[in-house]
1. Residue 103 to residue 303: FRET efficiency via 1/(1 + (r/R0)^6), r the Cβ-Cβ distance, R0 35 Å, to the nearest 0.05?
2. As a check on your grasp of the helix formula, calculate [θ] at 222 nm for the chain: sum -39500 (n - 2.57) over DSSP H runs of n ≥ 4, divide by the residue count, round to the nearest 500.
3. Express the relative contact order of the chain as a whole percentage, based on alpha carbon pairs under 8 Å and six or more residues apart in sequence.
4. Rounded, prolate or oblate, given the Cα gyration tensor of the stretch 2-245, with a/c below 1.5 counting as rounded?
5. Per 0.36 nm of contour for each residue apart, how much would the distance between residue 318 and residue 58 grow if the chain were fully extended, relative to their Cα-Cα spacing?
6. Only Lys, Arg, Asp and Glu count, each charged at its Cβ (+1, +1, -1, -1), so figure out the dipole size of the stretch 257-349 about its Cα centre, rounded to 20 debye.
7. In nm, what is the difference between 0.36 nm times the number of residues separating residue 195 and residue 159 and their Cα-Cα distance?
8. Sorting 244, 199, 343, 238 on the 10 Å Cβ count, fewest up front, what's the list?
Amino acid sequence: MYLYNLGKVSWQESQLIYHALARMGREALALLSPASPYVCAGYHQGLDQEVDLDFCQTRHIPIFRREVGGGTVYLDGNQLFFQLIIHPDNPVVPLSKDSFYRKFLGPVVNTYRRIGIQAEFKPVNDVIVNARKISGTGVGEIGDCLVFVGNLILDFNYEMMSRVLKVPDEKFRDKVHKTMEENLTTIRRELGETRASAWDEASLNNIMIEEFKPLLGSLTPRGIDSELQSKIDELGGWMLSGDWLYRKGRKISDREVRIRAGIKVVERMHKATGGLIRTSYEDREGRFANVSITGDFFCYPDEGVSRLESMLEGKSKDDVHQVLTQFYSAHEVETPGIGIDDWLVVFRD
């Protein structure tokens, strides 16, 4: 297997390299980071629904759509990428998804531990420390290869991440920002500026190589040769085009921003007879937190809405029907044209 320890590369190449290697069928471990910031969207996402395109254009932030699923993320040189390109029939590849993640996230967990961060693997595909995520990962099939991509997070721009997302209002954006800061951490945050400064990209990548070798065997260092560069250029002509970037995704009115395993920020909308219901909340291990209900419906008395928000806090989705029944029976609340079944649309999967 080849090793591409490339350091800083252009933002385009930070994504095109693994797409090219996979299409060439060339097994490799690539370690690199983007020289400038960009937004990276998931394969299945509708760009106009997920990304604030006007903001990105105004700030000259480029956008890339990868062939790996997952959500939109703002990336810059403070995220150090690892990209494993491997044939699915390679004997080192476990058969189950859980075993695959557990095995190939081992080097990431060990790297963090070697620099003093007590990270651990959390199924299905997270690395966490003190209940906060510290690595983003994903797997896709490209060509005849499996591609496993992820990162070490030196630092993260929470503000810019919340800003590049397309959200219904600033209240939802603030919720995304707050939840992300609470549940996503970084090397600098965990170690402090002084201790973190001892670990630069080169030293961290050297540890990653040491940790991956026992799993992958011999790693042969290699640079970007003419054949790989040709494939990168070929794919760039297609993957940087508007046709690929703005390909139509599934039209949805609901939003979910996954923060880490077990925590996501959710927005749901439902047009009932009595008006539009819009909810946003945090799903924390299957329980509601920071519930917000808005819309153009009527509720008598007015404070009934805030009462329902409070009643849902800490409850599971299995509790929703019981909460709603109590809400209507015990509090003399009227919501013309909106009944329990309408609320279940926005508070149940």
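Rule-based calculations on the coordinates, nothing more; no lab input. These figures come from a predicted structure and were not determined experimentally. Neighbour counts are summed over all protein chains in view; Cβ atoms, including those assigned to glycine, are modelled from backbone coordinates with ideal geometry.
1. 0.10
2. Mean residue ellipticity, 222 nm, calculated: -10500 deg cm²/dmol.
3. 17
4. Note, shape of the stretch 2-245 comes out oblate.
5. Length gained between residue 318 and residue 58: 89.2 nm.
6. 480
7. Residue separation times 0.36 nm, minus the Cα-Cα distance, leaves 10.6 nm.
8. Result, fewest neighbours first: 238, 244, 199, 343.
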